[in-house]
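Structure first, commentary second.
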Amino acid sequence: MKFRSQPLAEEIRILAPAKINLFLHVTGRRPDGYHELYSLMCPVTLFDTLVLRVQKRGIQLTCHHPGIPSDETNLAWRAAACFLDNLKTREGVHISIEKRIPVAAGLGGGSSDAAAVLNALNRHYGRPFSSGELMEMGLSLGADVPFFILGRPAIAEGVGERLTICEGLRRFFLVLAAFPFGVSTADVYKNLNLGLTNCKKANTSFALENGQDFDILRYLCNDLETVTIRRFPEIEATKTALMNHGSVGALMSGSGPTVFGLFETAGKRDSAMHLLSTSTKWTLYAAELLVQTKG
Ligand code: ATP
């Protein structure tokens with residue numbers, strides 16, 4: 001493998017965004033136990049900051065968040081190990097993570113950190129891997145990693161590896177309501193009863209294919225709510241609170257528990273934030289959808 005070596009001391013600073021699922025249909029369960037999805041994922045403007053410093057040997061990681069391992073089980077560490085192995089270099093990297101994305105919250109923080117490391121190292125070494133190869137490495141780390149490597153709103157299918165860029169999403173402003181507890185994605189899938197899910201994939205895919213007037217507000221739906229809300233009814237109450245404060249749509253993201261509310265203007269979002277921030281039930285984050293805007 002030929003790659004361009006860069007000065008070792010260079011510091012690479014990257015922002016790793018969170019994601020939300022604007023819809024998430026679970027379309028089936030494979031014989032190997034994995035679930036098949038049909039989900040519209042969108043990056044949002046809530047970021048972890050990673051600083052990478054390529055070094056002569058070994059991987060090290062610093063992260064002061066109590067819920068996150070700082071060893072070889074951290075997804076960012078695993079991403080670096082995977083990349084450097086594939087590159088067949090003995091060089092290493094020091095990674096420091098400033099965590100802002102709530103952990104085990106359905107916002108994809110770990111996967112985003114992993115994708116940020118893969119993208120940044122690939123740039124640093126002069127792009128030795130195609131984006132397809134990088135996504136394959138990403139998929140070996142987690143189902144959402146390929147989406148973050150792409151870094152744009154996309155429909156994810158399969159276990160999350162088949163991605164189609166979704167153009168023309170409207171820019172919405174967001175309140176993200178995070179809770180002081182996390183949920184395990186694996187547990188949520190284990191407790192999912194496919195007979196109880198009610199999202200209609202056929203309707204959504206038809207609307208997307210026929211495109212221009214696609215109104216996401218009509219299709220907000222998350223099959224995993226059936227599991228997580230049963231355990232944490234405050235999720236439903238939070239959706240209601242957001243809707244009562246000017247949100248035009250509210251949903252749980254991923255396997256939860258984070259709930260997002262969509263707002264048409266930053267002003268309406270900020271007033272809702274102001275009124276809802278008196279409660280200690282949640283921590284609120286102001287953000288917006290990271291969509292490509294024209295012009
Ligand atoms: P999932 O991708 O499982 O749906 P999530 O978005 O709900 O994840 P994450 O914040 O990615 O949740 O964390 C899931 C688990 O991964 C946590 O138990 C956490 O300790 C572990 N983890 C490992 N590395 C990281 C990382 N860099 N950032 C966040 N969590 C990490």
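Values quoted throughout were computed directly from the atomic coordinates according to the rules given, and no laboratory measurement underlies them. Computed from a predicted model, the values in this text were never measured in an experiment. No Cβ is skipped: glycine too gets one built from the backbone with ideal geometry, and neighbour counts run over all protein chains shown.
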Gyration tensor (Cα only) of the chain to equivalent ellipsoid, semi-axes in Å sorted down, yields 32, 21, 19
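Would you calculate the volume per residue, in Å³, of the smallest convex hull containing every Cα atom of segment 11-165? Mind showing how you got there, number by number?
Numbers: hull volume 16.9 nm³, N = 155.
Convex hull volume per residue, Cα atoms: 109 Å³.
Assigning unit charges at the beta carbon (Lys, Arg +1; Asp, Glu -1) and nothing else, what dipole magnitude in debye, to the nearest 20, does the chain show about its Cα centre?
380
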With a 18 Å threshold on alpha-carbon distance, the violating pairs from 239/281; 56/88; 19/99; 190/281 are 190/281
Magnitude of the Cβ-charge dipole (Lys and Arg +1, Asp and Glu -1) of segment 1-148 about the Cα centre, nearest 20 debye, reported as 360
Residues other than residue 154 with Cβ under 14 Å of its Cβ, Lys/Arg counted +1 and Asp/Glu -1, net out at -1
Between the alpha carbon centres of segment 211-257 and segment 106-133 the gap in Å comes to 29
Expressed as a whole-number percentage, the relative contact order of segment 11-165 with C-alpha contacts under 8 angstrom and at least six residues apart is 27
Farthest towards the positive end of the dipole of the chain, among 58, 216, 45 and with Cβ unit charges of +1 on Lys and Arg and -1 on Asp and Glu, lies the Cα of 58
